[in-house]
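Chemist: Take this structure, written in structure tokens, and hold onto it; I'll ask about it next.
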Amino acid sequence: MKYTCWGAAKQVTGSMHLLELESGYTILVDCGIDYEDKSNKEINANFSFDPSQVDVIILTHAHIDHSGNIPNLVKQGFRGEIICTEPTAYLLEKLWVDSVNIQNNNSKRKKSIRLYGFAEVKKSLEQILTYKFYKKFELNEDVSFTLYEAGHIIGAASVRLEITEGGTTKTIGFTGDLGNPGAKLIVDAKPMPDLDVLVTETTYGNREHKETRTAEEVLIEQVTNTCINQDGRLIIPAFSVGRTQSILFTLKKLFNEGKLPPVRVFADSPLALASSNIHNKFAHYLNEEARFHKQSEGSLFDFKSLYLVEDEEDVEDMELYRDSCIIVSSAGMLEGGRIQHHISDHVQNPLCTILIAGFCSPGTLGAQLLEGKSSIRIKGKDKYVFAKVLQTDVFSAHPDITGLTDYFEKSDSDKLEKIFFVHGEEEAMYDLRDTLNNSLQSKVIIPGRGEEWLL
């Protein structure tokens, strides 16, 4: 069989991995949007293979850099099954519709072209089949797969494929995005056993998580400093799926346990609200703490001082609110979304704290703030930065170099022949490889986009 990395090669976004068997059967693992080259408006429009020849897609999770180009694949002739977990399927409907809205807006402003519309989303949703973790399923007499919990976000899976050719069976594992061990809400990743080949993410390949305190300790400090000791606003940019839920869950615990006085919390992201409902519906996919909380409390996120911003009237109420408060809004790197409205309104307020709860790619508005720039351009205007800008990685959804190394060591065996590093910055990949033991180092391959490997 032949493996080709068509996305997330020496970069983080655009995951797309093609397996072509000698029989002609073709498997695509993930089909994501590439966000790296913003100068190329057509980077996601065309595929380097024939979509109509792909027999099946196995999707690791719902994030758009892994799933967002599937409706375009369907538009160009893919007619096979889209395999994923049930929470992923529910998230896809929300994320793909949101993606169409973003594409429509960007195409009007000529920032990018429109890849697909609502019709392709509807058709793609009809091709989805959901599967459970840890149960082996046959695609045909030569190919079977098992989904393993990957952590990262609700429903995220690693994919273990068993493929028989010429009487020999090879086992190939795709991690998808792994979760940070001990994360809020989300289960820890489970390594896949007895692999011949591992294709793994390396997002934080040369970084150690810096935060040594718990999520509760971090939020107590920031809420106290900004909203209790002074009449300020704590603004937390957060991704709609995963991070927003972790933050709201932690705040609920702190308020309910009396560790913080009640402070108004505005959750300002329609997509995050939909995602929160899906977390409640599929709470049995979450970790033990979350399952216990859901059983005892009835809801993971509802609390007395939480205010959901769902319509224009809610927006007006939020804007007229003058007391200290917390605003949780998307997107996480401050690129687009409702968060830009809040940053624009409050970046010049010295009583405001902007707590960036994750990594920001170079060039993004979030990165500019973290670099300490004295002014930024936002919504067509130049604004001085008087707000306090802080960062924490306590809500990180990826393992750091220590977590990745531990995962590799648990996956290693005499049987394991190759480890393909994908979904990471090139420098981080080489740094990570150089820190591994000799046994693992000798197996590492860092593929370029479109490179073919016989397995």
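Chemist: Only one residue in Ser52, Ser67 is closer than 25 Å to Val12 by Cβ and among the small types (Gly, Ala, Ser), so which one is that?
Modeler: Result: Ser67 is the single residue among Ser52, Ser67 that is closer than 25 Å to Val12 by Cβ and among the small types (Gly, Ala, Ser).
Chemist: Restricting attention to region 302-314, which residues are out of contact with any Asp or Glu (no Cβ under 8 Å at 6 or more places or on another chain) and either touching a residue at least 40 places away in the same chain (Cβ under 8 Å) or more than 17 Å from Ser276 (Cβ to Cβ) (or both)?
Modeler: Those that are out of contact with any Asp or Glu (no Cβ under 8 Å at 6 or more places or on another chain) and either touching a residue at least 40 places away in the same chain (Cβ under 8 Å) or more than 17 Å from Ser276 (Cβ to Cβ) (or both): Asp302, Phe303, Lys304, Ser305, Leu306, Glu310, Glu312, Glu313.
Chemist: Now, a different point. Looking at this structure, is Leu306 surrounded by 12 or more Cβ atoms within 10 Å (Cβ to Cβ), hydrophobic (A, V, I, L, M, F, W, C) and not assigned by TED's automatic domain parsing to the domain that holds Lys184?
Modeler: Taking the combined requirement at face value, the residue satisfies it.
Chemist: Next question, about the same structure. Specify the residue that is nearest to Ala331 (Cα to Cα); the eligible residues are those in region 59-69 that are crowded, with 24+ Cβ neighbours inside 10 Å and among the hydrophobic types (A, V, I, L, M, F, W, C).
Modeler: Ranking the candidates gives Ala62 first.
Chemist: Quick one: count up the residues across region 409-444 that are surrounded by fewer than 16 Cβ atoms within 10 Å (Cβ to Cβ) and either within 28 Å of Ser48 (Cβ to Cβ) or of a type outside the set (Gly, Ala, Ser) (or both).
Modeler: Total satisfying the criteria: 12.
Chemist: Just for region 144-168: of the residues that are of a type outside the set (A, V, I, L, M) and touching a strand residue (DSSP E or B) at 6+ places or on another chain (Cβ under 6 Å), which one is surrounded by the most Cβ atoms within 10 Å (Cβ to Cβ)?
Modeler: Looking at the filtered set, the residue picked out is Ser158.
Chemist: Are any of the residues in region 354-365 at pLDDT 95 or above, in contact with a Lys or Arg (Cβ under 6 Å, 6 or more places away or on another chain) and within 23 Å of Glu217 (Cα to Cα)?
Modeler: no
Chemist: Hey, could you check region 70-114 for residues that are crowded, with 17+ Cβ neighbours inside 10 Å, in contact with a Leu (Cβ under 7 Å, 6 or more places away or on another chain) and not aliphatic (A, V, I, L, M) and say which is farthest from Gln127 (Cα to Cα)?
Modeler: Of everything passing the filter in region 70-114, Gln103 is farthest from Gln127 (Cα to Cα).
Chemist: Under the condition of being out of contact with any His (no Cβ under 9 Å at 6 or more places or on another chain) and polar (S, T, N, Q), which residue from region 134-181 is farthest from Leu28 (Cα to Cα)?
Modeler: Taking the candidates together, the pick is Thr168.
Chemist: Check Gly173, Gly155, Gly151 and return the single one that is touching a residue at least 24 places away in the same chain (Cβ under 8 Å), in contact with a Lys or Arg (Cβ under 6 Å, 6 or more places away or on another chain) and under 22 Å from Thr88 (Cβ atoms).
Modeler: Gly173
Chemist: Leu370 passes all but one of (1) of a type in the set (A, V, I, L, M, F, W, C); (2) surrounded by fewer than 20 Cβ atoms within 10 Å (Cβ to Cβ); (3) more than 21 Å from Thr226 (Cβ to Cβ); which number fails?
Modeler: The one condition Leu370 does not meet is (3).
Chemist: So, of the residues in region 374-391 that are surrounded by 11 or more Cβ atoms within 10 Å (Cβ to Cβ) and under 27 Å from the mean Cα position of the chain (by Cα), which turns out to be nearest to Gly424 (Cα to Cα)?
Modeler: For region 374-391, the residue satisfying everything is Gln391.
The values are calculated or read from the model by the stated rules, or taken from the named source; none is laboratory data. Quantities reported herein were computed from a predicted structural model and do not represent experimental measurements. In this analysis, Cβ positions are derived from the backbone assuming ideal geometry, glycine residues included, and neighbour counts consider all displayed protein chains.
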